[in-house]
Amino acid sequence: MSLSFANSITVQGRARALVPLCVGAGAYLFFMYVGDTLLQDSDSFWQIKIGQWIIDHGAMPYTDIYSFTRTGAPWISTSWLSQVLFALSYAQLGWAGPVILTAMGVALTAAIFVYLLDVQIEAPRAVLLAMLALLLSLHHVLARPHVLALPVMVAWVGLLMATADRRSAPSWYWLPLMALWANLHGGFVLGLALIGPIALEAVEHAEKGRRLQLFLRWVLFGIGALVASCCTPYGWGTLLGATNILRLGELLSLIFEWMPANFATFSSFEGALLGLIAFGYYRGLVLSAPRIFLILFLTWSALTHVRSIEAFAFLVPLVLAKPLGQLASRSQPDAPGADRWPARYVTALGALMIVAASWASTSLYMGHHSFSFTMTQTPVAAVDLLEQRKVQRVFNAYQFGGYLISRDIPVYVDGRAELYGEKFVMDFFKATEGKKPELLPRLLDEHKIDATLLAADAPGPQILDMLKGWKRIYTDDIAVIHVRDNTVGGSATNAKP
C-alpha cells in the first residue's frame, strides 16, 4: 500500500468519525431555527407545571391536583424526569429552554442513529436515512417528553440489533438505558416488547450447539430489563401507568397523535412505505422471519397510531442495516493509524469545534429571536377575563387544558386522557362537537359549571348560543366564553365586544 493511499484512508477514517456529530449538529441547528414549531401542543404547559411541582415539593404526584372533575383521583407521572428537565430549562431560559432541550434530543437521536448504521452501511447512505427519518418524524417533534426519550430508544434497539447480528447475548451494562427510558417516558414498553423478536433473530442464526444457552441468556436479559424498567419512583406502577393509555378504546381515534394514519392525501409516511416495498422487490431483499416480524410490527404500529411513525422511521433502518450492508458488499480496509493518538486528538478537536460552533450559533440566534408558544393554544385574553370575574369551575376545550393549568386554574379536562377515562372524554367530545348536543346541558349542570371556554371554530359555542340559561360574553379568533344567564327568562344573548 502506497504512503499516499494509506494517508488518504486515515483522513477518511478521521472524517467518518465526525459524521454522526456533524449530522447531529445539523439537526440541532435546524430545529433551533424552526423552534417556534416545537411549541404548538398545549400538553407542554402541564408537563412543565408538573416538573415544577416535583422540584418544589421534592416528591412525586400520586393523585390529580389540577382538575376539579378528578381531584384526588389516582394518577402518576410516567415522564417525571423529562418534566423536571423541561421545568428546569424553562425556569432558566423561558421558552427557549424547552426548545433547546428538544433540539438537543433530536440531534442526539440523529447522531446515534448514523453512528449505529455506519457499522453496516456507508456513511452517505446512513446520513440519507437519517434525513428521511427526521422528515417522517417532523409532525411529532414537539417540546414534550417523548423527544427526550427518542435517543434512548434508538440506542437501545440499535445495540440489541447489533448484538443479534453478532449472534451473541446483550451486555448487562445496557440495562441502565432501560431504567433511564422508563423515567423519561412511558414508551419504554416498546423497548421491552422488542427484546423477544430480536432475541429470536440472534438464536436463529447461532450455532446449533449454543442456541439453548444463548436463548437462556436473552431470557435473563429480558427479565433484567423488566426489573430495570421498574427502577423509578413509582416502581411496578410505572409499567402499569404506561399501558393505561392503550385502554382508552374509541377515544384514541379522536386524539390526533393516537389516530390511525390517513392516506386520503399523499404523505411522507405513505411515500416511505411504497419506497420500502419497491426497494425490497427491486433489490431482492431476503430477510429472516424475526426481521420480517419486526418490520411488520413497526409498520402496523405506525399505521394504527401516527405517533408511532417516528419509531418506524428510526427503527426499521436499524433492523435492515445488516441485510443492506450485505447487499452493498461493503469491504473497506480499516484506516491504518486511525487509532493512534494524533488521529484521536484531531477527531476530538474537530468534535469540540462542531459543538462550539453550534453553541455560538444558538447564542447569536437567541440574541435576536424570542421563542413564543403558538397563539391557537393560548387564549390569554379570554383567561384574563375569567380571572377578573373570579370564575371557579370552567368547562374548557380539550386543547386549552394545559394553558389553564399553567395559569393555576382548575380544569374540566386536559391532555391526561388516561386520568379521565374513555367515557368521560368521549361524552365531552360528543357534547362539544355536535354529535350529541343534548349531552351538553347535562354535563354543565352535573359539574356545576360557571363558565365555558371553548374554541372559536368548534360547534360548541354555537350550541351554547341556542341554549337557554347561557349567554356569550366574549369572542375572539381563539376562544369563546359563555356564562350562566341569571336574568329573568334566561334568554341567551350574543355579546361580542
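Rule-based calculations on the coordinates, nothing more; no lab input. Only a predicted model underlies this, so the values are computations on that prediction, with no experimental measurement involved. Here the Cβ positions follow ideal geometry from the backbone for every residue, glycine too, while neighbour counts run over all protein chains shown.
With the Kirkwood sum run over all distinct C-alpha pairs, segment 34-153 has a hydrodynamic radius of 15.8 Å. Dipole check for the chain: with +1 at the C-beta of Lys and Arg, -1 at the C-beta of Asp and Glu, and the Cα centre as origin, the magnitude is about 940 Debye.
Simple rule: put +1 on each Lys or Arg Cβ and -1 on each Asp or Glu Cβ in segment 375-484, find the dipole, and look at Leu464, Leu404, Val425; the Cα lying farthest toward the positive end is Leu464. Taking the longest Cα principal axis of the chain as reference, the axis of helix 43-57 is set at about 90 degrees. Sum up the charges of everything whose Cβ sits under 15 Å from the Cβ of Asn262, counting Lys and Arg as +1 and Asp and Glu as -1, but leave Asn262 out. Taking every Cβ under 15 Å from that of Asn262, the sum is -1.
For Tyr474, nonlocal amide neighbours, meaning residues 5 or more places apart or on other chains whose placed amide H falls under 5 Å from its own, are Ile481.
By the rule of a C-alpha distance below 19 Å, with chain neighbours fewer than 8 residues away ignored, the lysines paired with Lys471 are Lys390, Lys448, Lys496.
Spin-label pair Ala278-Glu250: with each label point 7 Å from Cα along the Cα-Cβ axis, the two points sit 4.0 nm from one another. Between Ile65 and His447, the contour length at 0.36 nm per residue exceeds the alpha carbon distance by 135.8 nm. The slack between Ser361 and Leu93, meaning 0.36 nm per residue of separation minus the straight C-alpha distance, is 94.9 nm. In this structure, the amide hydrogen of Asn396, modeled 1.01 Å from its nitrogen in the peptide plane, lies closer than 5 angstrom to those of Tyr412, Val413, Leu453, counting only residues at least 5 positions away or on a different chain. Look at [x] 29.7; [y] 27.8; [z] 33.9: the one that is mean projected area of the Cα convex hull in nm² derived from this structure is [y].
Under 16 Å of direct C-alpha separation, and excluding same-chain neighbours fewer than eight residues apart, Lys49 reaches these aspartates and glutamates: Asp41, Asp64, Asp408, Asp414.
How many times 2.2 N^0.38 Å is the alpha carbon radius of gyration of segment 375-484? Kindly include the intermediate steps, with their values, before the conclusion.
On the way: Rg = 12.6 Å, N = 110, 2.2 N^0.38 = 13.1 Å.
Taking N as the residue count of segment 375-484, the ratio is 0.96.
The angle between the Cα long axis of helix 80-93 and the longest principal axis of the Cα atoms of the chain comes to about 80 degrees, rounded to the nearest 10. What net charge do the residues around Val84 carry, taking every other residue with its C-beta under 15 Å from that of Val84, with Lys and Arg at +1 and Asp and Glu at -1? Net charge in that neighbourhood comes out at +1. Net charge near Phe68: determine it from the other residues with C-beta under 12 Å of the C-beta of Phe68, scoring Lys and Arg +1 and Asp and Glu -1. Once positives and negatives cancel, what remains is 0.
Kirkwood Rh, Cα Rg: Rg to Rh for segment 42-84?
Working: Rg = 10.0 Å, Rh = 10.6 Å.
Checking Rg against Rh, the ratio lands at 0.94.
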